[in-house]
Each structure stands twice: as structure tokens, then as C-alpha cells.
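The values are calculated or read from the model by the stated rules, or taken from the named source; none is laboratory data. Model, not experiment: these values are computed from the prediction. Heads up, the Cβs are rebuilt from the backbone with ideal geometry, glycines too, and the neighbour counts pull from every protein chain shown. We work out accessible area using only protein heavy atoms, side chains counted, and drop any ligands, DNA or RNA first. Shrake-Rupley method; radii C 1.70, N 1.55, O 1.52, S 1.80 Å.
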Amino acid sequence: MGSIVLVGPMGAGKTTLGKRLAKILDLPFVDTDKMVTSDHGSIKNLFAMKGEAHFRDLESAALIRALNNQGVVATGGGIVLSQENRALLGQNATIFLDTNMEFVLRSLNVSKRPLLKDNPEMWEQIYQDRLEFYKEVSVATVNTANTSVGAIMKNLESEVRKYV
């Protein structure tokens, strides 16, 4: 089967929904951002000290390790920027968690997001820049904006059941 992978922009709910989905499906859960931070420190500090390119390399290595777990994988929003990562994502049941800026900025702590801390409205530009890639790698899309967690989980589980 491969892994079930959740992709989407910052704040779409990949980690929260991924944990719930893994529990429902009785599968292991991993988060590529958490893998990077547990091994290398905070993303904010990695960006500040070593730059985005270094972080993206660490993120790609985490993706490879995560996909070996054959479970549910939550990814960072920028995982789709690498062509190699997109090829790996395309070999799994990848679900695009779509959302919108208004929904995300109501709940996201932008001070912990290096790409948004100085200009939260950059979220929309980042989203537009990555949207084509999210769609390219995904077998389905589930919208998380302005929807209850219960309804989102019902949609997400329904989509995933087609592949497990």
C-alpha cells in the first residue's frame, strides 16, 4: 500500500488530522517536521542559522525515513518544492489538505513560522506558489477551512479508505 501522506499549506491541519487518522486506522504516525526538530532543533533556528536550503535537505531525508514506516505521514508545507519529494509522494496515497488564508491566520502562531513571521499575508503567495505541486502529488483533496473536525475526519477517512 505504501504510506498515507498528508500535504498542504501551513496551518491546514496535517499534524492534528494525521494523528487522528492514524489512530482510526491503527497505523503508526510520523510528522516530518517533528522528525527534523527532534534531530536538529527548531525550524526557526535552522532557517536562521543554516538557511532554508539546509532545512529542505533535512526535510527530504525525513520524508524518506517517514515513508518507510508504512503509516500516516504529516509533512511540512514546503515538502512539495523538491521534484524528488514529489516523485516519492506520488508513489503513496497522498491527500491534499486544502484551506484558505483567513482560516489559517486565525489560529496559526506565525512567530514560529520563519516564512511568515515578518509578513503573515505572505501565506497566500506561498500557497499559490505551491498549489500546483499539492495537486500534482495528490490522489484526493479534503478541505479543512471553516469545517468541523468531525466532518473533516469523515471526508478524510472516506478518501483514505479507497487506498487502504
(1) under 24 Å from I152 (Cβ atoms); (2) of a type in the set (S, T, N, Q); (3) open to solvent by 90 Å² or more (accessible area, probe 1.4 Å): which one isn't true of N45, the others all being true? (1)
Hits in region 24-71 (condition: touching a Phe, Trp or Tyr at 6+ places or on another chain (Cβ under 8 Å) and either at pLDDT below 90 or closer than 19 Å to V160 by Cβ (or both)): I43, L46, F47, F55, G71
Give just the number: which of (1) open to solvent by less than 40 Å² (accessible area, probe 1.4 Å); (2) without any contact (Cβ under 8 Å) to a residue 40 or more places away in the chain does A12 not satisfy? (2)
So, of the residues in region 113-164 that are assigned to a helix (DSSP H, G or I), modelled with pLDDT under 90 and in contact with a Gly (Cβ under 9 Å, 6 or more places away or on another chain), which turns out to be surrounded by the fewest Cβ atoms within 10 Å (Cβ to Cβ)? I126
Counting only residues that are farther than 17 Å from I64 by Cα and among the polar types (S, T, N, Q), how many does region 15-37 have? 2
